[in-house]
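The values are calculated or read from the model by the stated rules, or taken from the named source; none is laboratory data. Not measured: the values here are computed from a predicted model. So basically every Cβ, Gly included, is an ideal-geometry build from the backbone, and we count neighbours across all protein chains shown. Accessible surface areas use protein heavy atoms only, side chains included; no ligands, DNA or RNA. Shrake-Rupley method; radii C 1.70, N 1.55, O 1.52, S 1.80 Å.
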Number of protein chains: 2
Amino acid sequence: MPRAAIDVFAAIAEPQRRRILGALADGEQGVGQLVDRLGISQPLASKHLHVLRSVDLVHVRKQAQHRLYRLNHVALQPVRHWIGTFERYWQESFDRLEKHLQNLQQKDRHDSIN
Amino acid sequence: MPRAAIDVFAAIAEPQRRRILGALADGEQGVGQLVDRLGISQPLASKHLHVLRSVDLVHVRKQAQHRLYRLNHVALQPVRHWIGTFERYWQESFDRLEKHLQNLQQKDRHDSIN
DNA sequence: CCTATATATGAACCATTAGTTATATACAAG
DNA sequence: CTTGTATATAACTAATGGTTCATATATAGG
């Protein structure tokens, strides 16, 4: 139960959490599905999801007893941006990318993560 | 003295290490300069640099008693690539970027980091 | 209300690690 | 060879965090 102020960088530093995010890239999923796919214990999955939720990397949706988690790729922007500060060599391309990203964000409501 | 197998993600999860890399983005620097600029202790700087070196994020060059560290931005590619796997929405742009990156890598010998 | 299923949470354990202080190493200069 | 400067390393401390086991909460269905 990490109550410490963890940031996005620390969140994605954990291999299991990266695996979870990778699995969620295939679409919204419940805890049970993630447990089965990744072969980890249920409490561990819940706790990692809690961390990911604390940095807004995932969003939750209730459905009966299930909690359906879905990836929020926008929360990765701090990492993207930080890396961009070093890669000024291709900064021009990066700027184009950022612009494109902002456009995508605006119509990012009920988009197709599947 | 972290002898554990730390990866790039864990290396950049540490805020002080990100600050060090940020400082090195301005060009090659000695440990003393980093200590002054960042206001951290000398042993701490050396240890963080050791970690960064273990994942090839920095390269060292001896000059008299000094050790001059310089950023190796190419080592950030795993992070870039991993993030790219989620951001398939602008994948096309990303591919163009990757191509550009590979071109830059080839003429990355004694380039100008400053 | 009782049971089953799905998920979250608490407690305890153990490993890792950021940080400090003290000391060692490397090199240069006299 | 001694001194001074620059950096690395060792020993230690304290905090953090990943993991497991047990238990609690939530919801559905009889």
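Things to note:
- Per-pair calculated FRET efficiency, R0 = 22 Å: residue A:7 and residue B:47 via Cβ, rounded to 0.05: 0.55
- In terms of packing, defined here as the mean over residues of other Cβ atoms within 10 angstrom, the peptides B:23-32, A:68-77, B:55-64 line up highest first as A:68-77, B:23-32, B:55-64.
- Leaving ligands and nucleic acids aside, the B/A contact buries around 3000 square angstrom of accessible area in total at a 1.4 Å probe radius.
- Environment charge at residue B:68 (Cβ cut-off 14 Å; Lys +1, Arg +1, Asp -1, Glu -1): +3
- Isotropically averaged projected area of region B:8-73, using the convex hull of Cα atoms (one quarter of hull area), nm²: 3.9 nm²
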